[in-house]
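One structure is given below, encoded as structure tokens.
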Amino acid sequence: MNDHSVIHTEKLTKHYGKVKAVVDLNLDIQAGEIFGFLGPNGAGKTTTIRTILDEIRPTSGQASILGMDTHEKAVEIRRYIGYLPGDLAMYPNLTGKDTITYFANLRGGVDWSFVDLLANRLDADLTGKIGDLSSGNRQKVGLIQAFMNKPKVLIMDEPSSGLDPLIQRELQGMMREVAGEGNTVFLSSHSLSEVQRVADRVGIIRHGKLVVVEKVSELRSKAMRRIELDFDTPVEAAFFKSIPGVLDISINNHQAILSYDGKMEILLRAVMDQYDLLDIHTQEADLEEIFLTYYRDKEA
Ligand code: ATP
């Protein structure tokens, strides 16, 4: 194990009967890091989190947080963790404030001025009854309880579900601040764009297996992108075909549309040496495209 790992798993495995929800998962996440855990529905993200937190026992393997075995030291570890589950159970008849009080009591108190600050930033309504709140507003109550004890380790399962884009952005800022203070954020998400915006590294899980762990900056440069280039003169398909990583070219007089799997810098240098580039539009690769890129690499 890496001495500095805040979250560490070793061959963590969870089977539900015949379903292999998580298989031989090895993770090492460091202090000050925002780690994005990315995968499609049913990939095993929630099972991983719940197994790490000792809410369910692994079939085999183990996990530690801050150097403590999560099963043996389950109670002690909780003091250092802020956790937003994907399906946080709350009493519908309690107000948001009562709910926060309830969670605060479990933790031996909370700094209410900090709760107010979080509520303000998230534009959360703590006066209404949980049962009357929209799912986004319920999510905000869940987020406040995750952040409010200034955790060393913040673990969140799909934290931005139901939040509007403005609040999502605020939440991303909050995560960055938590990590900036040397704490660790584990963020499970099926949204590549969310993970790209906030995470330092990303682990991609599929069918319970960790397909890749990579810096977001690396993943981005590797991801296949759809690119539209406009020029002031007609262009030739043959030229684009000669650039490594360029695929699926279609030329429409002054315009080239292509898929590209490589570093943008390299493509742009080659193109601009040859033609006068007027305009460029790119579409980020979506999650599926990144998966496909990886599977193609693996098969190659
Ligand atoms: P989502 O994004 O949809 O929440 P996920 O990546 O969190 O998906 P998991 O909820 O961990 O995925 O599920 C992984 C696999 O384990 C799925 O095939 C799921 O059907 C199965 N699974 C999860 N919980 C149970 C359970 N309690 N009993 C049986 N199978 C389960």
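The values are calculated or read from the model by the stated rules, or taken from the named source; none is laboratory data. Values in this document were obtained by computation on a predicted structure and should not be read as measured data. Using ideal geometry, Cβ is built from the backbone for each residue, glycine included, and neighbour counts are taken over all protein chains shown. The protein model used for the area step is the full one, side chains on, heavy atoms only, and it has no ligands, DNA or RNA in it. Shrake-Rupley method; radii C 1.70, N 1.55, O 1.52, S 1.80 Å.
Brief remarks follow.
- SER188 being in a strand (DSSP E or B), crowded, with 19+ Cβ neighbours inside 10 Å, of a type in the set (Ser, Thr, Tyr) and in contact (Cβ under 8 Å) with a residue 12 or more places away in the chain: yes
- When segment 211-270 is limited to residues that are under 30 Å from LYS11 (Cα atoms) and part of a helix (DSSP H, G or I), the one that is nearest to the chain's Cα centre (by Cα) turns out to be VAL216.
- Residue count, segment 65-90 (criterion: under 15 Å from ILE49 (Cβ atoms), more than 16 Å from the ligand (Cβ to nearest atom) and outside any loop (DSSP other than H, G, I, E, B)): 6
- Test: residue in segment 3-14 that is within 30 Å of GLY128 (Cα to Cα) and open to solvent by 80 Å² or more (accessible area, probe 1.4 Å): no
- Any hit, segment 123-133, residues being assigned by TED's automatic domain parsing to the domain that holds GLU158, open to solvent by less than 30 Å² (accessible area, probe 1.4 Å) and farther than 20 Å from GLU158 by Cβ: yes
- Filtered by the rule that a residue be open to solvent by 20 Å² or more (accessible area, probe 1.4 Å), within 16 Å of the ligand (Cβ to nearest atom) and at pLDDT 95 or above, segment 134-149 gives a lone residue, GLN139.
- Residue identified as in contact with a strand residue (DSSP E or B) (Cβ under 6 Å, 6 or more places away or on another chain), more than 18 Å from ILE144 (Cβ to Cβ) and surrounded by 14 or more Cβ atoms within 10 Å (Cβ to Cβ) among THR70, THR95: THR70
- Residues within segment 25-49 that are within 12 Å of the ligand (Cβ to nearest atom) and either open to solvent by less than 50 Å² (accessible area, probe 1.4 Å) or in contact (Cβ under 8 Å) with a residue 12 or more places away in the chain (or both), tallied: 13
- The single condition from (1) within 15 Å of the ligand (Cβ to nearest atom); (2) at pLDDT below 95 that HIS4 fails is (1).
- Count of segment 26-53 residues which are over 25 Å from LYS215 (Cβ atoms), assigned to a loop (DSSP other than H, G, I, E, B) and modelled with pLDDT of 95 or more: 1
- Counting only residues that are modelled with pLDDT of 95 or more and open to solvent by 70 Å² or more (accessible area, probe 1.4 Å), segment 106-120 holds 6 of them.
- Selection of segment 150-177 for residues being more than 23 Å from GLY42 (Cβ to Cβ), in contact with a strand residue (DSSP E or B) (Cβ under 8 Å, 6 or more places away or on another chain) and open to solvent by less than 20 Å² (accessible area, probe 1.4 Å) yields PRO151, VAL153, LEU154, MET175.
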